[in-house]
Amino acid sequence: MSSMFPSPIAALVRQRAAGRTLPADLYRRADVFEADCDVFFERLWVLVGVAADVPKPGDVFVEEIGRASVIVTRGEDGLVRAFHNVCRHRGARLRDAGKGSAKRIVCPYHRWTYRLNGVLMRAPHMGSDFDAACNGLRSVHLRDVGGLLFVCLADEAPSDFADLEAAMAPRLAAFDLAHAKVAFESEIVENGNWKLTIENNRECYHCPGSHPELGNTFLPQDFGYDPAELSPDERRAFAAHEAEFARRTDAWEAAGFPSRGIDHLSGHVTNFRTERLMMGLSGGARSATMNGEPACRIPLGDLAGADVGDLHMWTHQSWHHFMADHAVVSTIFPLDAGRTRLRTLWLVNEKAVEGVDYDLKTLTEVWRATNAQDAALVALAHRGAGSPGYVPGPYSRFTERHLDDFATWYGERMIAAGF
């Protein structure tokens, strides 16, 4: 039976044994949720959206990040900027979440008015001695990495984000996401803690029994497997797959498509992984669709006829798939200890026309189904973590090592933050 006096968060973190899941309270407690928002969503770089969220001057996008809210604007000068979504007068929320366009940002409370570059241009009845220059919107650090928009709410942003930029900018260049558009987006709320969402996403142990649509082109064994459990025929098939993957990786690298895996996890502040995979056992699929064929007739960038596989990237609150014909970008934001909002974007070439070059069902059906299936699994895990019968369980050393890496990194960051 649990004590009526909750353990300090640091004690919970230190209870976690290597190779095992986190103590239940780290998934369930409200004070842990508040600490998570502080450490992982207000001090670190988070993916807030894509350049295609604000494609034209005057476009404005608002995203809720845990306890915070951020306005992303594209000014008349074409530059993308980010600001706290808080009026400098008395702290009112300036805009609701979502996309729009505006020439100015006007506070609905007292009509303080800001330019899209954050400069305060009108503050009625404040007197002739009021210094408008000192009362512009508070800036938020923003970096555009190949069309992916990252923000950091901290006054001093982690400097090792430069490692992510150096790794991903050349990998994303071929997809030319600056000239992509959002063909479709969805939001769902998962009834589970954000860490359970990330754990579920970082393994494919569950894929064969849960994701028939994804299984058409995605090979769970790429995430690891126990060789002792394979039949002789399976061993031969996977040995051939691994040899072809090694050959294809060499060919991608030689063609100017960086592909080798990078793990920037435990021991770092900024958490990310990337690798380029083939699709399917033979590598013959070209897109994450039901039949493995491209969903969009017009490729991203200058990739017509190119074999670029599926470029993956994971951060501590996002995951990504970049293919020649389209990209899928997913981000999560915690709502409370037991609810997590998942936003997913499907990107295509900005010249592609819906109904002519692509149709939404073909483009989105695999990942819409997969997201719904994952949401159900996350809810099961969260409910289980709330049971008195829960004890931290063992990760598979074959298929879940990235979960162990994530849990280790999570503990490092919490201890470093003083919790």
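When you scan segment 261-299, how many residues do you find that are farther than 30 Å from F161 by Cα and out of contact with any Lys or Arg (no Cβ under 8 Å at 6 or more places or on another chain)? Don't jump to the end; show me each part of the working.
Narrowing segment 261-299 to residues farther than 30 Å from F161 by Cα: 280-286, 289-298.
With out of contact with any Lys or Arg (no Cβ under 8 Å at 6 or more places or on another chain) added as a condition, the list becomes 280-282, 284-286, 289-291, 295-297.
Qualifying residue count for the region: 12.
Taking segment 87-117 as the range and being more than 25 Å from A52 (Cβ to Cβ), in a loop (DSSP other than H, G, I, E, B) and not small (G, A, S) as the test, the residues that pass are C87, R88, H89, R90, C107, P108, Y109, H110, R111, W112. Return a yes/no flag: does segment 58-68 have any residue that is at pLDDT 95 or above, touching a Phe, Trp or Tyr at 6+ places or on another chain (Cβ under 7 Å) and not in a strand (DSSP E or B). Checked segment 58-68: no residue is at pLDDT 95 or above, touching a Phe, Trp or Tyr at 6+ places or on another chain (Cβ under 7 Å) and not in a strand (DSSP E or B). When each of Y114, Y109 is tested for being under 15 Å from V70 (Cβ atoms), surrounded by 11 or more Cβ atoms within 10 Å (Cβ to Cβ) and among the hydroxyl-bearing types (S, T, Y), the lone residue that passes is Y114.
Where strands (runs of 3 or more DSSP E) fall wholly inside segment 284-377, the ranges with 3 or more residues that are polar (S, T, N, Q) and touching a helix residue (DSSP H, G or I) at 6+ places or on another chain (Cβ under 8 Å) are 339-349.
Checking each residue in segment 74-86 for being in a strand (DSSP E or B) and under 27 Å from V39 (Cβ atoms) picks out V80, R81, A82, F83, H84, V86. Only helices (runs of 4 or more DSSP H) whose full extent lies in segment 173-267 are considered here, and the ones with at least 3 residues that are closer than 22 Å to G283 by Cα and either aliphatic (A, V, I, L, M) or touching a His at 6+ places or on another chain (Cβ under 7 Å) (or both) are 232-254.
Restricting segment 256-311 to residues that are modelled with pLDDT under 95 and of a type in the set (D, E) leaves a set whose member that is surrounded by the fewest Cβ atoms within 10 Å (Cβ to Cβ) is D302.
Would a scan of segment 152-175 turn up a residue that is in contact with a helix residue (DSSP H, G or I) (Cβ under 7 Å, 6 or more places away or on another chain), among the aliphatic types (A, V, I, L, M) and surrounded by 15 or more Cβ atoms within 10 Å (Cβ to Cβ)? No, segment 152-175 has no match at all. In segment 93-103 there is at least one residue that is touching a Gly at 6+ places or on another chain (Cβ under 8 Å) and either of a type outside the set (G, A, S) or crowded, with 21+ Cβ neighbours inside 10 Å (or both). Against the conditions (1) at pLDDT below 95; (2) closer than 25 Å to V269 by Cα, T315 satisfies every one except (1). Using the structure shown, decide if L380 is outside any loop (DSSP other than H, G, I, E, B), among the aliphatic types (A, V, I, L, M) and touching a residue at least 40 places away in the same chain (Cβ under 8 Å). No; evaluated as a whole, the condition is false for this residue.
The values are calculated or read from the model by the stated rules, or taken from the named source; none is laboratory data. Bear in mind that the values here come from a model prediction, so they are computed numbers and not experimental data. A quick note on method: Cβ atoms are made from the backbone with ideal geometry, for glycine too, and the neighbour counts reach across all protein chains shown.
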